[in-house]
Every structure is written in structure tokens, then in C-alpha cells.
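Quick notes on the structure that follows.
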Amino acid sequence: MTKIVNHWIGGKTVEGASGTYGPVTDPATGAVTTNVAFATVDEVDAAVAAAKDAYATWGKSSLAKRSTILFKFRALLDANRDAIAELITAEHGKVHSDALGEVARGLEIVELACGITVQLKGELSTEVASRVDVSSIRQPLGVVAGITPFNFPAMVPMWMFPIAIACGNTFVLKPSEKDPSAAMKLAELLSEAGLPDGVFNVVHGDKVAVDRLLEHPDVKAVSFVGSTPIARYIHTTASANGKRVQALGGAKNHMLVLPDADLDAAADAAVSAAYGSAGERCMAISAVVAVGAIGDDLVQKIRERAEKIKIGPGNDPTSEMGPLITKVHRDKVASYVTGAAAEGSEVVLDGSGFTVEGFEDGHWIGISLLDKVPTTAKAYQDEIFGPVLTVLRVDTYEEGLALINASPFGNGTAIFTRDGGAARRFQLEVEAGMVGVNVPIPVPVGYHSFGGWKDSLFGDHHIYGNDGTHFYTRGKVVTTRWPDPADGPSGVDLGFPRNH
């Protein structure tokens, strides 16, 4: 029997009323395993109303109470790592170890939220004038929303809601309709941890649900992670409706390899960063820029390693890479490889026809490696979001830097070199929000913030870290003047000395 995923509103599962459902497939088999209810405008309104009602008390709750609940949630999350990872693998397709890594990175932000008390401390200046003090405090916004992508169905929501609710907000999550079950499991664990009903809500759906969140007058802020065209739309639409927005978009992350680099380490890094999680991550390395004469050796080393990757179902412990999320996406990724030679690229590895015996209907694609790729090629210009690595050749550091900075994306980048001076120049000169030095995927730890530049970020705030706390709160400055007690009304003696 096909599983049904419904909404989570006001602390309980609420059956979808629209009659419209979206199919969720097992990417390894291609079979529809789940139907997810798509919300109507009225159902989104019900979730926002539940969040607004809960905010009346949650927004005034003590930091101690919020922290206590988050600590309990953290313990439950830790105990349920495998169960959540299994849901991710079943609907996304990534191998179990990748899914466990996703849960671990989400857990890191929950731990940050458990200690939010330090981040929410205000400031005080005394005697700015005679008997005048000035204090700065941060207060929650109210109801906030998160719209999250398919590639990290547990981690990306946890980049948002733990900090939001720790700051005193209530939350409405619209996860990807392609793999919705992880979000529902998180909702159940939050409830089990003692989170009051309505503080965290989940509505599923498509553009109808998204647009209603963007325009709803009671939603004060929207967080989004996804492709650049949708990020731009989210930012434009939500901003026009008076909301605070952080919209993280797509990427084309480059790895610059200098002639002095350890080529074995660079090849290892390129393979793991390009093909891990089947390339379905915004921090994947999708373009290697080889400087000077090392290109041939580097490509050969990458090829040797890539050919050994075992592709299979995510629940097979021997699999190192799983299938792509949908057949439509698989076919799109394959098209970049089949059309590469005509655009001037050298096809070193072609994984477009790959399949797995016994799982022929799954959304399979193999490892692809394209060399000597021109910057005019679609495989270079577009965010492919699959296991396709492009290699570009340049003669100098300056040429490589210019190539990277010419990209409209500016999410992450990396340099591989033994030269500290070159690395220092690169980290200052490159136009990207996250930089790795001999680190291929420079995703910041939780207490630093994640976010790119240019077409990779719309809005002023990065996600999680200090930026996350600032995004989910607003500042207030209070200027206070009190008379000295000795100046009290005549006849009232409070026991204070007459000292002036």
C-alpha cells in the first residue's frame, strides 16, 4: 500500500484536504512509494494561524525553557540518526553514510541553538549622559517560514528552524515535495521533546503553498535554499510583500589547482567533492581549473579514482554513490554529457548510459569527466547538479582567478597549493562567499555562517551562525533616564543619602 504523507499543523498530523497529491519515488527502483498531500491556500493559512497563536506565548517564553526543549530535541535527534538517514535514502537516494553525514551537520546547528543564550545577550552603556543609560536588545520577529530543497531534506531545515525557534519565533516549513518524510520525522521529534503545539508546522505542496507563504501578511521572514532562478523569485516576491528574506541560490564551484599542488591530494579532493552525494549539492566542485602543465597528470589521476567508485542502491553498504532524485533530472544531467563533444569538450568518462543490474528502472547515471572544456559550453555555464566534473585549462594563476571571478555564481571555491602566499592572495582576491585552502568543500562549521556572493545569494544575511541569529531577530535600542531616589517627593524617605 502506498504511504501517504500529510501536513503537521498545531502539533499533530492533519490530513490533506485538497485532494491533490504528488508522487514520491524510490530513486533506486523508480517505483512510487509515497503520495504527499499538496496544501491549498486555506491549509497554509491554517498553519500560519497555528504559528501565530503559538507565538503569543512562545515569543515571551524564557530562554531557559527554549534551551531545555532544544537539548531534549538534540538527544532525540542523536538517538534517531539511523531512522532519519533511512528516510533520506529511501526518498532521495543518497547512500546511507552520506545521509548520516547530513544528519550530523544538521545536529551541529541544533547544538548551536542550544547555546543561543550567548548570542542573544544585549549591550549596555551607562552614563552616556547624566543618569542616562542606553541598552540594545534583540527580539524575535514572529512567524517565519522556511522553503527547503530536495538534496538535503533534513540538514537544510535544521539550518533554519532550530535557530529561529531558539530566538523565540514560530516556524512554518515547506519542504521539497520530492522527499518529504524526513521533515515529518523532525516534527514528531520536536513534539516529543516538548515543543508547544504550533511552534513548528509543516505544509507540503507546490507553487500554491510557496506563493501563499511569500504573500501572507503574518509571515515576517522567509528563508530559502534552492536554484538561482527560484531564489531570485523568492527574494523579489517576499520583499515586495514587506518580508525579510535570505534566499540562497545555485552554484558553479571552482577548484583552482596550482602547479606546485600535491596532485594526489587534489585528485582525491576533486573526486569526493564532485561525485559525493551524486553531485546533488550546492557545494559540489563542478569545475577544476588546472594551471600550467599539470593538467594531463591531474585528469589522469581523477579518472583513475573516479572509475573505482561503486554505484548502487543507497541502502547497500557497499555503494559509494546512489541514483539521482528523479528520472527527469537524470535525463537532464545526461544531456550535458551527450552534448559535450559537440561543444568542444573532450569526454574522458561518459556515465550517461549507466545502469545497475536488477534495478534497471532506477534513476541511474554514472561518473562523467569532461576535459578541456570551453567556457562557452553549457556543461560549464549551467549548474548541472549531478556527477559531472568539468576540467578547464589555463596558463597562469591570474588567468584562473579571472575565469573564476567571471562566473555569475559565487558560492564556494577552493585552491590547492603548497604556497601560502598564493593561497593568501586567492582568499582575498576571489569573488566567492566561502573559500577552501586545500579543502575542497569549505562548508563552515555551525558557529560561522554559510552563504555565497553574486547570484548565489539574494538578501543581506547568510544562514546559521551569527547571521542566522541576526536574521531571526530584530534590534531595539532603549534609552533610559531615572531620577535619583534622593530627588523623590518631599516626605518620602527611601533611606538613600542626600549626596548632591
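Worth pointing out:
- Filter pass, T376 being within 30 Å of A290 (Cα to Cα) and free of Cβ contacts under 8 Å to residues at least 40 places away in the same chain: yes
- Counted residues, region 83-96 - those being out of contact with any Ser or Thr (no Cβ under 9 Å at 6 or more places or on another chain), open to solvent by 30 Å² or more (accessible area, probe 1.4 Å) and closer than 14 Å to G322 by Cα: 1
- Residue ID - nearest to V222 (Cα to Cα), chosen from residues in region 436-470 that are β-branched (V, I, T) and in contact (Cβ under 8 Å) with a residue 24 or more places away in the chain: I463
- Every condition in (1) free of Cβ contacts under 8 Å to residues at least 40 places away in the same chain; (2) open to solvent by less than 60 Å² (accessible area, probe 1.4 Å) is met by V32 except one, and the failing one is (2).
- Selection within region 256-270 - crowded, with 22+ Cβ neighbours inside 10 Å and in contact (Cβ under 8 Å) with a residue 60 or more places away in the chain: L256, V257, L258, A261, A266, A269, A270
- Residues located in region 111-142, provided they are over 30 Å from T480 (Cβ atoms) and either surrounded by 21 or more Cβ atoms within 10 Å (Cβ to Cβ) or touching a His at 6+ places or on another chain (Cβ under 8 Å) (or both): L112, A113
- The single residue among D350, D419 that is free of Cβ contacts under 8 Å to residues at least 24 places away in the same chain, within 26 Å of R305 (Cβ to Cβ) and surrounded by 15 or more Cβ atoms within 10 Å (Cβ to Cβ) turns out to be D350.
- Per this entry, S335 is not counted among residues that are of a type in the set (S, T, Y) and surrounded by 15 or more Cβ atoms within 10 Å (Cβ to Cβ).
- Note on region 389-408: among residues that are within 25 Å of the chain's Cα centre (by Cα) and touching a residue at least 40 places away in the same chain (Cβ under 8 Å), the one that is surrounded by the most Cβ atoms within 10 Å (Cβ to Cβ) is L389.
- Single residue of G386, G412 found to be surrounded by 24 or more Cβ atoms within 10 Å (Cβ to Cβ), touching a Cys at 6+ places or on another chain (Cβ under 9 Å) and in contact (Cβ under 8 Å) with a residue 40 or more places away in the chain: G412
- Residue in region 372-383 that is most open to solvent (accessible area, probe 1.4 Å), counting only those that are over 23 Å from I325 (Cβ atoms) and hydroxyl-bearing (S, T, Y): T376
- Boolean, A46 is of a type in the set (A, V, I, L, M) and within 23 Å of the chain's Cα centre (by Cα): no
- The sole residue among R105, R74, R66 that is more than 16 Å from E177 (Cα to Cα), in a helix (DSSP H, G or I), among the basic types (K, R) and open to solvent by less than 50 Å² (accessible area, probe 1.4 Å) is R66.
- Among the residues making up region 77-102, those that are in contact with a strand residue (DSSP E or B) (Cβ under 8 Å, 6 or more places away or on another chain) and assigned to a helix (DSSP H, G or I) are A90, E91.
- Condition check for V5: farther than 24 Å from Q119 by Cα and touching a helix residue (DSSP H, G or I) at 6+ places or on another chain (Cβ under 7 Å): yes
- Evaluation of G292 against (1) surrounded by 21 or more Cβ atoms within 10 Å (Cβ to Cβ); (2) out of contact with any Leu (no Cβ under 6 Å at 6 or more places or on another chain); (3) touching a residue at least 60 places away in the same chain (Cβ under 8 Å) (one fails), failing number: (1)
The values are calculated or read from the model by the stated rules, or taken from the named source; none is laboratory data. Everything numeric here is computed off the predicted structure, so don't read it as measured data. All Cβ positions, glycine included, derive from the backbone under ideal geometry; neighbour counts span all protein chains shown. Only protein heavy atoms, including side chains, enter the accessible area calculation; ligands, DNA and RNA are left aside. Shrake-Rupley method; radii C 1.70, N 1.55, O 1.52, S 1.80 Å.
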